[in-house]
Amino acid sequence: MEFTTFLFYVFALILVISGLKVVTSRNPVQSALFLVLAFFNAAAIWMLLEAEFLAIMLVLVYVGAVMVLFLFVVMMIDINLDELRRGFGKFIPLASAVGAIMIVEAALVLMRGYGATRAPVKAVSAPDVPNTKALGIALYTDYIFAFEVAGLILLVAVVAAVALTMRSRKDHKQTDPSQQVRVKKRDRVRLVSMPAEARQQSTGTDTPAAE
């Protein structure tokens, strides 16, 4: 067995274990950290496949930006874990059915890919064009619509994450910026006229005289 093949099996094993821990972990922060580990191992596998650009983008974009955003959202919002776990068992049949469908689809794609004719693969670009440049040309010409849709989905995800963190809580005091802008001078200070308290005349003694 070659050393690269051994590394592939090691990274693939860690990737599968990390994916299982993402789903089975009870703590959402631990799930996010295991997802980061899964991304790193997927990037390592892409490095073995000589897809350097995809590996670097996976680490920079997903691990460095998206997962950090997920961690901030998970730690800032008030998640009731008991409420989330309630009724989890009733979704197991549906989740199993969806997982089985995904496995069958992936198996069909792999069988068709490996069972196809062994025709030589057409070169994507000239030998003097680097992988990053060839990918950029294909991304911004043939797949520009899909690229714009992906950017729009990520923008919606960022706005939704901010909206989740800005929700009101019962145990926190929040101010309304619109009311602060509309406030007037007379609303800040109010003079109240109160009658003066009548003082009793001093008898010259600290304690009242005994009868």
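The values are calculated or read from the model by the stated rules, or taken from the named source; none is laboratory data. Please read all numbers here as calculations on a predicted model, not as lab measurements. All Cβ positions, even for glycine, are placed from backbone atoms using ideal geometry, and neighbour counts span all protein chains on display. Just the protein is used for accessible areas: all its heavy atoms, side chains included, with ligands, DNA and RNA removed. Shrake-Rupley method; radii C 1.70, N 1.55, O 1.52, S 1.80 Å.
Met1 passes every criterion in (1) under 30 Å from Gly151 (Cα atoms); (2) open to solvent by 70 Å² or more (accessible area, probe 1.4 Å) apart from (1).
Taking each residue of region 140-158 that is within 26 Å of Phe72 (Cβ to Cβ) and of a type in the set (Asp, Glu) and looking for partners that are at pLDDT below 85 and surrounded by 11 or more Cβ atoms within 10 Å (Cβ to Cβ) with beta-carbon atoms closer than 6 Å, six or more apart or interchain, yields nothing.
Residues are listed down the side, and each one gets a yes or a no for (1) acidic (Asp, Glu); (2) open to solvent by 100 Å² or more (accessible area, probe 1.4 Å); (3) at pLDDT 75 or above; (4) closer than 30 Å to Leu69 by Cβ:
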{"site": "Gly115", "(1), (2), (3), (4)": "no, no, no, no"}
{"site": "Ile137", "(1), (2), (3), (4)": "no, no, yes, yes"}
{"site": "Ala146", "(1), (2), (3), (4)": "no, no, yes, yes"}
{"site": "Leu152", "(1), (2), (3), (4)": "no, yes, yes, yes"}
{"site": "Gln174", "(1), (2), (3), (4)": "no, yes, no, yes"}
{"site": "Gln201", "(1), (2), (3), (4)": "no, yes, no, no"}
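How about region 52-65: which of its residues are in contact (Cβ under 8 Å) with a residue 12 or more places away in the chain and under 11 Å from the mean Cα position of the chain (by Cα)? Once the filter is applied, which keeps residues that are in contact (Cβ under 8 Å) with a residue 12 or more places away in the chain and under 11 Å from the mean Cα position of the chain (by Cα), region 52-65 yields Tyr62, Val63. Screening region 37-51 for residues that are open to solvent by 40 Å² or more (accessible area, probe 1.4 Å) and over 19 Å from Thr5 (Cβ atoms) and picking the one that is farthest from the chain's Cα centre (by Cα) gives Phe40. Of the residues making up region 15-28, those that are over 15 Å from Leu48 (Cα atoms) and surrounded by 13 or more Cβ atoms within 10 Å (Cβ to Cβ) are Ile17, Ser18, Gly19, Lys21, Val22, Ser25, Pro28.
Ala157 satisfies every condition listed in (1) at pLDDT 80 or above; (2) of a type outside the set (Lys, Arg); (3) open to solvent by 80 Å² or more (accessible area, probe 1.4 Å) except (3). Of the residues making up region 61-88, not one is over 26 Å from Val162 (Cβ atoms) and either modelled with pLDDT of 75 or more or hydroxyl-bearing (Ser, Thr, Tyr) (or both). Scanning region 52-63 for residues that are in contact with a helix residue (DSSP H, G or I) (Cβ under 7 Å, 6 or more places away or on another chain) and not small (Gly, Ala, Ser), we see that the one that is most open to solvent (accessible area, probe 1.4 Å) is Tyr62.
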